[in-house]
Amino acid sequence: MSSLRRAAQAGLLGLLLFLIAGLWSWSAFEAAVGQRVAALSQPEVGVEVVDREGRLLRAFPVSDGRWRLAATGGDVDPRFLKMLLAWEDKRFLDHGGIDGRALIRAAWQSLRHRRIVSGGSTLTMQVARMLGNLPTGSVPAKIEQMLTAIALERRYDKAEILSLYFRLAPYGGNVEGIRAASLQLFGKEPRRLTAAEAALLVALPQSPERYRPDRFPDRARAARDRVLARMAELSVIDGREAGRAEREPMPAVRRQMPMMAAHVSDRLHAASPQRSPINLTIDGRLQEALETYARQKAKSLKSPVSLALVVADHATGEILAEVGSPDVFDRSRQGFVDLTQALRSPGSTLKPLIYGLAFERGVAHPESLVDDSPGGFSGYTPQNFDHHFEGVITARRALQLSRNLPAVELLAAVGPSRLVHRIRRAGARPELGDRSLPGLAIGLGGLGLTLEDLVRLYAGVANGGVSVPLHIEAGGEPQVHRRILSEQAAWYVTSILAGATSTTKGSPGEIAHKTGTSYGYRDAWTVGYDGRHVVGVWLGRPDGAPVPGLIGQDAAVPVMHDVFSRIGPATRLVGPPPGILASAGAGLPPPLQRVGRAAERRQAGLKPEIVYPPDRSRIELFGPGGRDGATAPLYLKVRNGRPPFTWYVDGLPVEQDQLLRQSAFQPKEPGFLAISVVDATGAAASSQVLVK
């Protein structure tokens, strides 16, 4: 009995020790899994720059230089997912990270064939191996895979584990993940794949370097076809589709990763390196079309002449396409320089805003007569680009012909500071150099602006005089609208730039545009707009050196029309707003019929006439004392005639070469005075007055 009792006690003790050992082992196991759960982290993925519809424009590699992009189940073709699970882990949705049956099968196959036939790894174990960068064929590494796989299943759901596989699966070289692989192999996102493409993407991670189709096409084809055959056996695809897929050619090269909108992508990524995605207002299809066009156009330009393009929606301020150079890798054209941001002389492109200010302030009207003839303005003596002069013409014609003299005269009337204020109000940042106050030369390009700045200005004119801040990043704060011209003045300018021959009541056409050529043929510009889009074009050398013969009308205008043709059908320009004065000639108010020197020229065609003091008038200038001198001067005024004027009183000159039409004389005593005036042509007028 005692021996039985001792045996029972020993059995109980053994059971207790077994339970304690089991509990200890389970506790150690749980602790090991718990440590790995806590240590799990998401793998680094590259920053993505996407267009207005979420399409990838550009991707940046991760810090170690690998191409790895974020991916979820929604980013891949459902057929690829079916093939992947059927090939790699058919019980993925049911197991907890380790497939016991697969492990037993793998062990039995290894014993039977005396070599490793299959590893028995689940997709979760493969993710664990890729996360830990673990070797294959090692027992400790396999145990680590299993522990990490269990941790993954506890931390994430199945969809999240698949997302990790989609990011990390190796595809040879520095390419990881299905999106980077699909972009490099097929030039497209993996959302829609052929059966052959899906099978190749399933096969490659098994031996990514050995099966690289760009290096070993025969091996890659064999690996792909094995997957296709197995999928046909499992009825994932039918036999006929598998046969067609086997005849599909292999990708022969690896494509470059997308690199559209390279300059703005670099700029925004440098400003915020961790932000992803970077959402832009760019239309990806238009951006691609214009980048292709710019590269083709550059072939017809003598190196190092380059070009830059900006397209925006002038109602919203959204930049729809921006090409900083034809090719960012073209060293001969310094393609790395973003020429949409380069400060350049705008040439004549500011003239529409000058005329708009003159129209707004009542200084002129499109049908006002202005003088295009040689002259000076406070020491500034501009010349026309072609050194020819048109004489007296309408303001409309002067702007359409881009005459310099009328533009400078109108700028003098409205004030250079007002022009700079309106430029800044549109959001542009003009560079005035070391000048504290702007001078008249700014009207002909004597300041620095970028292509984006000019598009800002013209977008405001196109939008009825209201500037919406130009922006290329989607979202953000609500945009503040700022008026840079009155609605009527903006429409006058539009009708002129659209080529209208008179101020009419209908739409002036489809496209309004203005050209510009900077001093020394350094920059050729065109900015044009229709009822929706504004297009800016610049051509020149990136280093700012002259390019003989480079003229906006010849070089930039054809590019602008090419850009509009790639945008699509033009939208007609809007009709006039209320308050438009559609008169011309004598129908205009007298002050607007002729302005500036044109008005003076008309007056110069008539003989001078003394309007004050009138002939035979009596004027009281002396106080009660009489001969102590006049208490006030006698003002002398003339109209008509051509300045300068010379005034005479009693035959003696009192004012010579007087440009103004008003002078003054101080009588010394009462009495009769003989007053006369002679203009520049020798024509004279006289009057006799009594001062008392």
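Relative contact order, percent, of the chain when contacts are C-alpha pairs under 8 Å separated by at least 6 residues?
Answer for the chain is 9 percent.
Could you check how many percent of all C-alpha pairs in the range 447-519 are farther apart than 22 Å?
Taking all Cα-Cα pairs of the range 447-519, the fraction more than 22 Å apart is 33 percent.
Positive end of the dipole of the chain, charges at C-beta (+1 Lys, Arg; -1 Asp, Glu), about the Cα centre: which of Pro546, Ser676, Pro61 has its Cα farthest in that direction?
Selected residue: Pro61.
Which residue, Gly587, Ile178, Ser686, has the largest displacement toward the positive end of the dipole of the chain when charges sit on each Cβ (Lys, Arg +1; Asp, Glu -1)?
Of the listed residues, the answer is Ile178.
Net charge within 14 Å of Arg532 by Cβ-Cβ distance, Lys/Arg positive one each and Asp/Glu negative one each, not counting Arg532 itself?
With Lys, Arg at +1 and Asp, Glu at -1, the neighbours total -4.
Expressed as an acute angle from 0 to 90° and rounded to the nearest 10, what is the orientation of the C-alpha long axis of helix 284-298 relative to the principal long axis of the chain?
Roughly 70 degrees, rounded to the nearest 10.
With angles folded into 0 to 90 degrees, how steeply does helix 557-567 sit against the dominant principal axis of the chain? Use alpha carbons for both and round to 10.
40
By counting other Cβ atoms within 10 Å of each Cβ, how are Asp64, Asp330 ranked from fewest to most?
The fewest-first ordering by Cβ neighbours comes to Asp64, Asp330.
Provide the packing ranking of 478-488, 524-534, i.e. peptides ordered by the mean count of other C-beta atoms within 10 Å per residue, highest first.
Output ranking for 478-488, 524-534: 524-534, 478-488.
Quick one: dipole size for the chain, taken about the Cα centre, charges +1 on Lys/Arg Cβ and -1 on Asp/Glu Cβ, in debye to the nearest 20.
Here the size comes out at about 1860 debye.
Convert 25 °C to kelvin, take the viscosity as 0.890 mPa s, use the Kirkwood radius over C-alpha pairs of the range 351-586 as Rh, and evaluate the Stokes-Einstein diffusion coefficient in µm²/s, rounded to a whole number. List each step's numbers first, then the result.
Values: Rh = 18.2 Å.
Translational D for this selection: 135 µm²/s.
Under a point-charge model restricted to the Cβ atoms of Lys and Arg (+1) and Asp and Glu (-1), what is the dipole moment magnitude of the range 605-691 relative to its Cα centre, in debye to the nearest 20?
220
Quantify how much of the Cα-Cα distance distribution of the range 48-246 extends past 32 Å, in percent.
Cα-Cα pairs of the range 48-246 separated by over 32 Å account for 15 percent.
In whole angstrom, and with the biggest value first, how far do the Cα coordinates of the range 201-322 range along each principal axis?
Here the Cα extents, ordered largest to smallest, are 58, 36, 29 Å.
Just add up the charged neighbours of Pro304: K/R +1, D/E -1, any other residue whose Cβ is under 10 Å from the Cβ of Pro304.
With Lys, Arg at +1 and Asp, Glu at -1, the neighbours total +2.
Can you classify the range 605-691 as rounded, prolate or oblate using the Cα gyration tensor, where a ≥ b ≥ c are the square roots of its eigenvalues, rounded means a/c under 1.5, and otherwise it's prolate if a/b beats b/c and oblate if not?
Prolate, since a/c reaches 1.5 and a/b exceeds b/c.
For the chain, find the longest principal axis of its Cα atoms and tell me its angle to the long axis of helix 123-132, 0 to 90°, nearest 10.
70
Could you tell me what percent of the DSSP beta bridges with both partners in the chain are antiparallel, to the nearest 5?
The antiparallel proportion sits near 90 percent.
Starting from the exponent 0.38 and prefactor 2.2 Å, build the expected Rg for the chain from its residue count and divide its actual Cα Rg by it.
Details: Rg = 41.0 Å, N = 692, 2.2 N^0.38 = 26.4 Å.
Ratio of Rg to 2.2 N^0.38 Å for the chain: 1.55.
Between Glu473 and Lys158, what FRET efficiency comes out of the Förster formula 1/(1 + (r/R0)^6) with R0 = 35 Å and r the beta carbon distance, rounded to 0.05? Please list the in-between numbers first.
On the way: r = 36 Å, r/R0 = 1.02.
After rounding, the FRET efficiency stands at 0.45.
Quote the convex hull volume per residue of the range 140-265, based on C-alpha atoms, as a whole number of Å³.
That works out to 157 Å³ per residue.
Bear in mind that the values in this text are calculations on the coordinates, not laboratory data. Source: prediction; values computed, not measured. Here the Cβ is made from the backbone with ideal geometry for all residues, glycine too, and neighbour counts use every protein chain on show.
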